[in-house]
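The values are calculated or read from the model by the stated rules, or taken from the named source; none is laboratory data. Treat the numbers as computed from the prediction; the structure is a model and nothing was measured. No Cβ is skipped: glycine too gets one built from the backbone with ideal geometry, and neighbour counts run over all protein chains shown.
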Amino acid sequence: MIEYGFEKSYTMFLKVVLGGMGLRMAFMLGTLLALILACHVHAVALTVTVVGFTMIYLVLEILYLQSKVDVKNQG
């Protein structure tokens, strides 16, 4: 979604990125609930693992976005 919205206007970029984030969070919540309720996975371990990996992913996403902004500002 970042690649799609990067060349758009600021408001469109925010709509695309925040909309994508909302869809991703809804999907993850549904998946977590399905795994906990239907598959009887240990809830605390699953939640801690997913939150940990999500935080790592968000840091990498922010670093990627910052590098795209730096490249855009230089050229």
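All of (1) surrounded by 13 or more Cβ atoms within 10 Å (Cβ to Cβ); (2) in a helix (DSSP H, G or I) hold for Phe53 with one exception: (1).
Quickly run through the stretch 34-48 and pick out the residues that are without any contact (Cβ under 8 Å) to a residue 12 or more places away in the chain and either loosely packed, with under 10 Cβ neighbours inside 10 Å or closer than 25 Å to Leu18 by Cβ (or both). Ala34, Ala38, Cys39, His40, Val44, Ala45 - these are the residues of the stretch 34-48 that are without any contact (Cβ under 8 Å) to a residue 12 or more places away in the chain and either loosely packed, with under 10 Cβ neighbours inside 10 Å or closer than 25 Å to Leu18 by Cβ (or both). Considering the conditions (1) surrounded by 10 or more Cβ atoms within 10 Å (Cβ to Cβ); (2) closer than 18 Å to Tyr4 by Cβ; (3) modelled with pLDDT under 90, Val71 is excluded by exactly one of them, (1).
Given the criteria exposed (fewer than 10 other Cβ atoms within 10 Å of the Cβ), of a type outside the set (A, V, I, L, M, F, W, C) and out of contact with any strand residue (DSSP E or B) (no Cβ under 6 Å at 6 or more places or on another chain), does Gln66 qualify? No: the conditions fail for Gln66.
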